[in-house]
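The values are calculated or read from the model by the stated rules, or taken from the named source; none is laboratory data. None of the values given here were measured: they were computed from a predicted structure. No Cβ is skipped: glycine too gets one built from the backbone with ideal geometry, and neighbour counts run over all protein chains shown. For accessibility, only protein heavy atoms count, side chains too; no ligands or nucleic acids. Shrake-Rupley method; radii C 1.70, N 1.55, O 1.52, S 1.80 Å.
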Amino acid sequence: MALSPGSTLQNGKYKLQQTLGKGGFGLTYRAEHTVFHASLVLKSPNDDLRAEPEYPKFVARFLKEGKTLWTLSQKRHPHIVRVTDLFEERGVPWLVMDYIRGESLFDRVRRKGALPEAEVVGFIQQMGSALLAVHGAGLVHRDAHPGNIMILPPDPRKPQREAILIDFGIAGEMFP
């Protein structure tokens, strides 16, 4: 369900601030938790799919993504986006995730060109660790690419930049 900035969900708990993206399956918003004043991401199924006969399957897939990320979030991994809530409102399921400040690896390379080897090796190690955790949970991400890897801004307390794996929309079980 496409909503405009300023719209609220969960009796005012979440206030939408801006649309972040619209993909084939989902619509994502940056939102504010109005009590804690924290930035979050709210994601719902893409409302363009409502007219599709397969829409119930899309919703089931969306709910599966939420449950997958919730399971992974129980054993907090520093390089996997964390899910904090899943709810239904206005007849639509909503997934609440951490807001990852920064830019995608794709955008970073497009903006800066080739990255230094040490930086790239660090990102590869971090994504390897994330994917090991995903596989350890019996899952396959199926969409790990530079557009789904967010690079955090520099943190003077950490020796290297950090990468976070996002978008588990087509993740699946290793052995269904």
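Relative contact order (percent) for region 24-74, with alpha-carbon contacts under 8 angstrom and 6 or more residues of separation? The normalised contact order for region 24-74 reaches 29 percent. Rounded to the nearest 20 debye, the dipole magnitude of region 1-152 is 140 debye, with +1 charges on Lys and Arg beta carbons, -1 on Asp and Glu beta carbons, and the Cα centre as origin. Considered as an equivalent ellipsoid built on the Cα gyration tensor, region 110-157 has semi-axes of 23, 13, 10 Å, the largest given first. Search the structure for amide H atoms under 5 Å from the amide H of residue 162, placed 1.01 Å from N in the peptide plane, and list their residues when 5 or more places away or on another chain. The list, which skips near neighbours in sequence, is 152. At a Cα cut-off below 16 Å, give the aspartates and glutamates reachable from residue 64, other chains included and same-chain residues fewer than 8 away excluded. Qualifying aspartates and glutamates at Cα under 16 Å: 54, 85, 88, 143, 167, 173.
Residues whose amide H lies under 5 Å from that of residue 34, counting only those 5 or more places away or on a different chain, are 14, 15; hydrogens are built 1.01 Å from N in the peptide plane.
Straight-line cross-link partners of residue 15 among the lysines, defined as a Cα under 22 Å from its Cα and at least 8 positions apart when in the same chain: 43.
With all protein chains in place and a 1.4 Å probe, the accessible surface of the chain carries 56 percent carbon and sulfur.
Would you mind working out the accessible area per residue for region 1-151, using a 1.4 Å probe, and quoting it in Å²? Can you show the working numbers first?
Working: 8090 Å² over 151 residues.
For region 1-151, the per-residue accessible area is 54 Å².
With both labels modelled 7 Å from their Cα along Cα-to-Cβ, the residue 132 to residue 89 distance reads 3.9 nm.
Please compute the Kirkwood hydrodynamic radius over region 41-114, one decimal place, Å, based on all pairs of different Cα atoms. Taking every pair of different Cα atoms in region 41-114, averaging 1/r and inverting gives 14.2 Å.
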